[in-house]
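The values are calculated or read from the model by the stated rules, or taken from the named source; none is laboratory data. Note that this is a predicted model, so its numbers are computed, not measured. Using ideal geometry, Cβ is built from the backbone for each residue, glycine included, and neighbour counts are taken over all protein chains shown. Accessible surface is based on the protein model in full, side chains and every heavy atom, while ligands, DNA and RNA are left aside. Shrake-Rupley method; radii C 1.70, N 1.55, O 1.52, S 1.80 Å.
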Amino acid sequence: MKIDKNSLLNLKSTIPQAIKFTTTGDVESSYLNTINGPIKTFKAGEISDLIGWAEKNKNLILNTLDQHGALLFRGFDIRTEAQFQSFAKLLWLELLDYVEPSTPRNKVSSKIYTSTEYPHDQYIPQHNEQSYSHHWPQKIAFFCAKPSAIGGETPISDSRKIFDGIDRSIKEEFKRKGVMYVRNFYDEMDLSWQHVFQTNEKDQLEQYCKKRGIAVEWKRNGGLRTKQISQAIIEHPRTKEPLWFNQAHLFHHSNLGPEISEYLLGKYAPDELPRNAFFGDGTEIPLAALNEIRNVYAKNQLTFAWEQSDILILDNMLYTHGRNPFEGERKVLVAMAEPVSSNQTAESTIQANKEAVSQARRKTASFYINSGSQVSESDLKFRLAAAYRMMVTENLDEGGISGHITMRVPNQPNAFWVNPFGLLAEEVTPDNLIKVDKQGNVIEGDYPVNVAGFCIHAALHEAYANINCAVHCHSPWGTLFSSLGRKIEPVDQNCCLFFENHAVYDHFNGPVNDPEDALNIAKTLNGMDAIILKNHGAITCGTTIESAVMRMISMESAFRLNVLSMQLPDIKLISPDVARLTREWIGNDIGFSIEFNALLRKIEKRYPEFKRTL
């Protein structure tokens, strides 16, 4: 496109104006005035050695950048790429590679790149560098090695003003939905996926994208489609101000202009275009909203003409940048520093929220701890008897007499209470519980011992001093799932309680009457909290009655969901890292106690004759 020279008259009238003027070691600190506002500037005076001056005034430079977000250096003796690199490294020590590029650039030296190499007659819209991803440089620097004869400016805009200028309803929808960036990689146009992801290996690309939260879809023709949902609005990590921070207006096909956009839509579906932007839920972004965003950018651009050796440094979150069309040779180099991720920007908020959650959790725990008292032996027996009735109310018993729950007797490590053999679960009371030793002898009580219950549980109590309570039942879903000989998958939050915390005993030799069989079960448990017995249900363990019983109730729910999930073709399991975190969060004795007490109230309502005798 031919540049309209008349449109540059206002730009040519832009001259430096010292709104404020100070001298810092023979370097002028002033402002370069533009039509839409000033740009903070350090201008060489008697001193033209920028690197030498910066070594002595690094803190001043960084503090000024923090204060203003944009800082121009003018008139200094910076001629080469190496000098620019030295200056950038002086400020930020480590520079960044340009990863996941969305536009063509050339690497001219280590960590130094050309600015975007679009055709000279095209505008590059305002954007924060790499705001389409979950990671970006906090700082970005531009070095004008050679200004173009006409045009070629790098306009900048304050992201805070962009946020303030956009209609509230548009901001709310973007904030609620986020932005989805869709890229389709074709041989005949745009950047190749090999260039963007710096690899020729598909598995390496997939691993990289998984870490970055990018969805990958390989097409039948060998092409690639990627989708990434990123932020639309973000909080600055230092100033805490809300910022408009996305490239929806740049990625959207309408940015190409009506003719090209119409041509491409005639050839490709919207999600098949080389690049396009949608709301995070996959719906179309209204063109009217995108045009308003573009208009807000246009009204807030700060534009100045490059001079040779100019260096412009920006806080990449506080300021956007773009490029005007130009004529003649132009060379502007770029360096980036201080990597930031979307997780980091929310770190302070997240930490505050975590602390609030932790504080609330501590208060909750304190309430239940302080509201309790020393548990007596009679109360333990009451709770054990109540646990048997919970097996009935929660549909875990098979309506017979085979289930059993044991509790180690306090201060008697070789004795435990168990249900009387021959009674239904809802017939068990604190008074008819029997006490047996590890050899199976009845120490107290009027009933015989359940041999299988004694055999399995005695082995567990003997092998693990921390197991004070063990629960075994032939629950409907548990017995069905146990026939599969497989472990529970993390289908939901409840299933995560057993992630990497249960074993499978892959043998069924009939009722467990053989001490050797019981010993093998104890060995297979291997210190975990639960074990599935093939064709025989499950066992859960705990240091308390509450923890062992609630694990069994939760396990039955996990069995049910796992069986049902097998009927669905595309179940998405919870990731291992999240499953571990969830297990640690929900698998604690205080939580188990709270849940148990809630079910205890249910028991007392259903069985009014079942009363505490403390």
- prompt: How do 78-86, 202-210 rank on mean C-beta neighbours within 10 Å, highest first?
  reply: 78-86, 202-210
- prompt: Hey, what does the equivalent ellipsoid look like for the stretch 411-526, semi-axes from the Cα gyration tensor as sqrt of 5 times each eigenvalue, largest first, whole Å?
  reply: 27, 17, 15
field: Protection-proxy order for peptides 403-414, 385-396, each taking the mean of Cβ atoms within 10 Å per residue, highest first
entry: 385-396, 403-414
query: For the stretch 46-175, which whole-number percentage of the solvent-accessible area (1.4 Å probe, protein heavy atoms only) is attributable to carbon and sulfur atoms?
result: 46
statement: Quick shape summary for the stretch 44-203, equivalent ellipsoid via Cα gyration tensor, semi-axes whole Å in descending order, reads 31, 23, 17
query: With contacts defined as alpha carbon pairs under 8 Å and 6 or more residues apart, what's the relative contact order of the chain in percent?
result: 14
- line: Over all directions, the stretch 185-318 yields a Cα convex hull whose mean projected area in nm² is 11.7
task: List every residue whose amide H lies under 5 Å from the amide H of ARG275, counting only residues 5 or more places away in sequence or on a different chain, with H placed 1.01 Å from N in the peptide plane.
output: ASN184
- line: Per residue, accessible area of the stretch 201-324 with a 1.4 Å probe, heavy atoms of protein chains only, in Å², comes to 45
- prompt: Assigning unit charges at the beta carbon (Lys, Arg +1; Asp, Glu -1) and nothing else, what dipole magnitude in debye, to the nearest 20, does the chain show about its Cα centre?
  reply: 1120
Leading residue at positive end of dipole, the chain (Cβ point charges), from VAL375, VAL549, ALA337: ALA337
field: Alpha-carbon Rg with Dmax, taken over the chain, Å
entry: 34.6, 107
message: Please report the accessible area of CYS473 (heavy atoms, 1.4 Å probe, ligands and nucleic acids excluded) in Å², nearest 10.
response: 10
field: Gyration tensor verdict on the stretch 541-614 (Cα atoms; rounded if a/c is under 1.5, prolate if a/b is larger than b/c, oblate otherwise)
entry: oblate
message: How much accessible area per residue does the stretch 423-502 have, counting only protein heavy atoms and a probe of 1.4 Å, in square angstrom?
response: 42
message: Starting from a Cα-only point model with no solvent, please compute log10 I(q)/I(0) by Debye for the stretch 124-264 at q = 0.12, 0.15, 0.19 1/Å.
response: -0.65, -0.99, -1.32
Portion, in percent, of the accessible area of the stretch 446-586 that falls on carbon or sulfur, probe 1.4 Å: 54
- request: Quick one, can you get me the convex hull of the C-alpha atoms of the stretch 448-585 expressed as volume per residue in Å³?
  value: 103
task: Given a cut-off of 27 Å, name the pairs among LYS210/LYS299; LYS175/LYS331; LYS171/LYS240; LYS381/LYS438; LYS161/LYS331 whose C-alpha atoms lie farther apart than that in the structure shown.
output: LYS210/LYS299; LYS175/LYS331; LYS161/LYS331
- line: Placing one equal point scatterer on each C-alpha of the stretch 205-262 and summing with Debye, one gets log10 I(q)/I(0) at q = 0.17, 0.20, 0.22 Å⁻¹ equal to -0.85, -0.95, -0.98
task: Pairs of Cα atoms under 8 Å, at least six residues apart: use those to get the relative contact order of the stretch 381-510, whole percent.
output: 23
message: Tell me the mean residue ellipticity at 222 nm calculated for the chain from its helices only (DSSP H runs of n ≥ 4, each -39500 (n - 2.57), averaged over every residue, nearest 500).
response: -11000 deg cm²/dmol
query: What whole number of Å gives the distance from the Cα centroid of the stretch 371-448 to the Cα centroid of the stretch 29-76?
result: 79
task: Evaluate 2.2 N^0.38 Å with N set to the residue count of the stretch 540-580, then give the Cα radius of gyration divided by it.
output: 1.47
- prompt: Expressed as a whole number of Å, what is the distance separating the alpha-carbon centroids of the stretch 111-177 and the stretch 491-557?
  reply: 58
